[in-house]
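Q: Here it is: the structure, laid out below.
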Amino acid sequence: MIIIQSKGRIYSFHEPVVMGIINATPDSFYTGSLHESMDAILEKVSAWCKYGMKVLDIGGQSTRPGSTRIGMQEETDRVTPVIEAIHRAFPDLLLSIDTYQAGVARAAIEA
């Protein structure tokens, strides 16, 4: 069993769960994860929740081969509005941040 405490909530996982992925980057290697607007992202997340998604991973830095690395501020600017909108619409959804930059992780936690 895995237990995670986050922002005053306790999440308990007794079995495998479904995780969704939102790539908040214009150059993702997987075009199915690209979204034209915040409304499109929220619609996708809503549908995934209906299908049983329990965790959502959000990334702002492309890792496709040949992609250009971006700075901490640009990555933060990409993920923070997405995190804030998802928190407002789905306050009980557990989020994870896909980053290797501590400052981006910190901003994601604070969002």
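The values are calculated or read from the model by the stated rules, or taken from the named source; none is laboratory data. Small disclaimer: the values here were computed from a predicted structure and weren't measured. We place every Cβ from the backbone using ideal geometry, glycine too, and count neighbours over all the protein chains shown.
Q: So Asp57 passes all but one of these: (1) surrounded by fewer than 16 Cβ atoms within 10 Å (Cβ to Cβ); (2) under 12 Å from the mean Cα position of the chain (by Cα); (3) more than 16 Å from Met19 (Cα to Cα). Which condition number does it fail?
A: For Asp57, the failing item is (3).
Q: Considering (1) among the charged types (D, E, K, R); (2) in contact (Cβ under 8 Å) with a residue 12 or more places away in the chain; (3) surrounded by 13 or more Cβ atoms within 10 Å (Cβ to Cβ), say which one Asp92 fails and leave the rest.
A: Condition (3) is where Asp92 drops out.
Q: I'm trying to understand the selection: among the residues of the range 83-111, which are part of a helix (DSSP H, G or I) and either touching a Gly at 6+ places or on another chain (Cβ under 8 Å) or of a type outside the set (A, V, I, L, M, F, W, C) (or both)?
A: Glu84, His87, Arg88, Gly103, Val104, Arg106, Glu110
Q: Next question. Which pairs have Cβ atoms under 6 Å, sit 6 or more apart or on different chains, and link a residue in the range 65-88 that is charged (D, E, K, R) to one that is in a helix (DSSP H, G or I)?
A: Glu75/Val104
Q: Do you know which of the residues in the range 69-85 that are closer than 14 Å to Leu56 by Cα and of a type in the set (A, V, I, L, M, F, W, C) is surrounded by the fewest Cβ atoms within 10 Å (Cβ to Cβ)?
A: Only one residue fits best here, namely Ala85.
Q: Using beta carbons and a limit of 6 Å, which pairs, at least six apart or on different chains, have the first residue in the range 46-63 and touching a residue at least 12 places away in the same chain (Cβ under 8 Å) and among the polar types (S, T, N, Q) and the second one buried (at least 16 other Cβ atoms within 10 Å of the Cβ) and not in a loop (DSSP other than H, G, I, E, B)?
A: Matching pairs, first to second residue: Gln61/Glu75.
Q: Among what's in the range 24-68 and is β-branched (Val, Ile, Thr) and at pLDDT 90 or above, pick the residue that is nearest to Tyr100 (Cα to Cα).
A: Ile58
Yes/no matrix, rows are residues, columns are (1) among the polar types (S, T, N, Q); (2) under 16 Å from Ala105 (Cβ atoms):
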position	(1), (2)
Ser12	yes, no
Val17	no, no
Ile41	no, no
Val45	no, no
Cys49	no, no
Ile83	no, yes
Arg88	no, no
